[in-house]
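What follows is one structure encoded as structure tokens, with my remarks underneath.
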Amino acid sequence: MVRVDRSAAVTAVAALVALGIAALALFALPASESPLTYRAASGAAQVLGINAGAALVIAALLTARPIIALLLLALAAVWFAQDLGALGDSAALLRSVAGGAAPMAAALALHLALALPEVRLSRKARAAAATAYLAAAVSAVGAATVRDPFLDVYCWRQCSENPLLVHVAPNLARAFVVAGMVSSIAIGTVAVAVVAWRIVTASRVGRRLLAPVLIPAGLVAASEAARGAGLLLSPLEDPRDAWLMAVYLARAGALATVAAGVAWTVLRTGRTRARIARLAAELGAAPPPGKLKEALGTALGDPTLDVLYWVPAASGFVDADGALHARPAGTPTRITRGGRLLAVVVHDAAALPGGQLERLLGPAARLAIENESLRAEVLAQLEQLRHSRTRIVATADETRRRLEHDLHDGAQQRLLAVVLDLRLVRAGAQGALGEQLGHISDEVDRAFTELRELAHGIYPAILTEAGLEAALPTLADVAPLVVTLHDVTDERFSAAVEAGAYVTVDEAIRDAARRRARAIDVSAVVRDGRLVITADDDGAPRDTSLVHVADRVGALGGGLDLAPSTLRAEIPCA
């Protein structure tokens, strides 16, 4: 049994209806001698009117979106139907139906403004479109069932029998006609506002992609509102009226631009799909590591695109470099393999619908993405390890600061009090007791000095209080060799960065002393957001790797470069 796609069948039927109406408008009406249509009243209207309707039909047949195709075909049918009002009595029923279809144009324009380019309507958008159709239908049906053309003073076409007439009510009929015009104005205004809101709230990429199709939809809505306003001011619709003819030409031009915008979107989407297909083949062949984001962004024409990889161990998403990210906002495209989530692609939906992107990435590309995901997971683990090292160093520094504080404010202060008391007692003692007290006082003085040096070595308080510019000279003062400081920055950094820089300089001086150096030159400057520490001495060649210094600098995201008698460390300032 052959299965028929229902949406394709409905679109085909709608296309046949639109083409049938167009054929009537194009071939039956020119024989009429009565110039009661816009196309019959102007050569420009004849050319532009036919081209506008034909463009809508062609655009509808090009697009792969059934709803968009149906909307375009409905617009084409309504557009050509206005010419059927000049049909003779033999087609009175068709003429009456066609005459009441005009208010539907504004509702169709609003639906296009809400649906283009992707059709996905929110609940509020569906309610707005349904309300517009209902308002247009009520005014059209109401006018058709109670309006007697013979009693309508504004009847400008062939005033003959109305087969849809149910009850004659001229005043009510006029109210329904006015309601149709007012609804066209209101619906058209809302559609223009929707277009403006969607463009203003879109991203930069979204505006570039949406503008060519949304702005023409807004122009159609605006022209329908202008037609409603024109008929309110001049109820007798005479195509020879300059204002009404200008509105007709504007409507035709707007419809042509809508068709062009849809065709452009179809072409752009096709090219995007082709680029994604080529990219999928390239990913399956030899994907460059870490380049998926850049390649997808180029293929979609979306520089804001981001690819985030799911890491089960971290229960979160990471980027290609392994950095953790919050849960992506919006509706990202999920990339799965074997039912397992690999990654999400966060991009502007105007570039390509997420479902299409997922379908275009074939099995080979998914394997490459899985490899990318594994790479990102390893990098995330390395990043977590680096953060762990940083936390360990920070905890150690905090412990040293606390220990230095406790020694300074505790044991050191108590020992100082003992020293002062001994000096007072010694001053009043004589003989052997005085000598013994003097010996004890000297020992306590030495112990106090050693404790003070120990406390300073654990963590210098001046580093916390005044930074590297004040702390490094204290190292130079107590160093066993000549230390010359060059270009020491006066900027303040985080406690971890300052402690890492201080320890690096301290170890460089100690290492130079062990290698019997007589002098060392030290600098600490900021370059390109990094604190650069250099130390150059005249000692023997270095035979150690200073692993503990490299670990400390590495824990801060920096690096250590050693030469026989030089040292260079770079630590990120942030």
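The values are calculated or read from the model by the stated rules, or taken from the named source; none is laboratory data. Because the structure is predicted, anything quoted here is derived from the model rather than measured. Positions of Cβ are backbone-derived with ideal geometry, glycine not excepted, and every protein chain shown enters the neighbour counts. Ligands, DNA and RNA are stripped out before the accessible areas are found, and what is left, the full protein with its side chains, is counted by its heavy atoms. Shrake-Rupley method; radii C 1.70, N 1.55, O 1.52, S 1.80 Å.
The label-point distance for R204 and Q436, in a model that sets each label 7 Å from Cα toward Cβ, rounds to 8.6 nm. For M181, the accessible surface of its heavy atoms amounts to roughly 20 Å² (probe 1.4 Å, protein chains only, rounded to the nearest 10).
Dipole magnitude of the range 149-262 about its Cα centre, charges +1 at Lys/Arg Cβ and -1 at Asp/Glu Cβ only, in debye to the nearest 20?
On the way: 9 positive and 6 negative charges, 137 e Å.
Roughly 660 debye for the range 149-262.
Summarising the label geometry, the points placed 7 Å from Cα in the beta-carbon direction at V526 and L374 lie 4.4 nm from one another.
Quick one: ranking I199, I335, I58, I440 by accessible area, 1.4 Å probe, largest first, what do you get?
Values: I199 30, I335 0, I58 100, I440 70 Å².
Descending accessible area places them as I58, I440, I199, I335.
I need the calculated FRET efficiency for the pair L172 and D241, taking r as the beta carbon distance and R₀ as 25 Å, to the nearest 0.05.
For L172 and D241, the calculated efficiency is 0.40.
When nucleic acids and ligands are ignored and a 1.4 Å probe is applied, S494 ends up with an accessible area of around 60 Å².
Compare K293, K124 by solvent-accessible area with a 1.4 Å probe and give them largest first, with all protein chains kept in place.
K124, K293
Here the range 525-574 has 52 percent of its accessible surface on carbon and sulfur atoms, given a 1.4 Å probe and all protein chains in place.
Shown is the FRET efficiency for D490 and L424, computed with R0 = 25 Å from the Cβ-Cβ distance and rounded to the nearest 0.05: 0.05.
Residues with beta-carbon under 10 Å from that of A479, excluding A479: net charge, scoring Lys, Arg +1 and Asp, Glu -1? Each step should come with its number before you reach the end.
On the way: positive: R510; negative: D477, D506.
Net charge around A479: -1.
When the surface is traced with a 1.4 Å probe over the full set of protein chains, L164 keeps roughly 60 Å² accessible.
Residues W243, W264, sorted by accessible area with the largest first, give W243, W264 [1.4 Å probe; ligands and nucleic acids excluded]. Within the shell of other residues whose beta carbon sits under 9 angstrom from the beta carbon of D521, the net charge comes to -2, with Lys and Arg scored +1 and Asp and Glu -1. Modelled this way, with points 7 Å down the Cα-to-C-beta line, the labels at A196 and A461 are 6.7 nm from one another.
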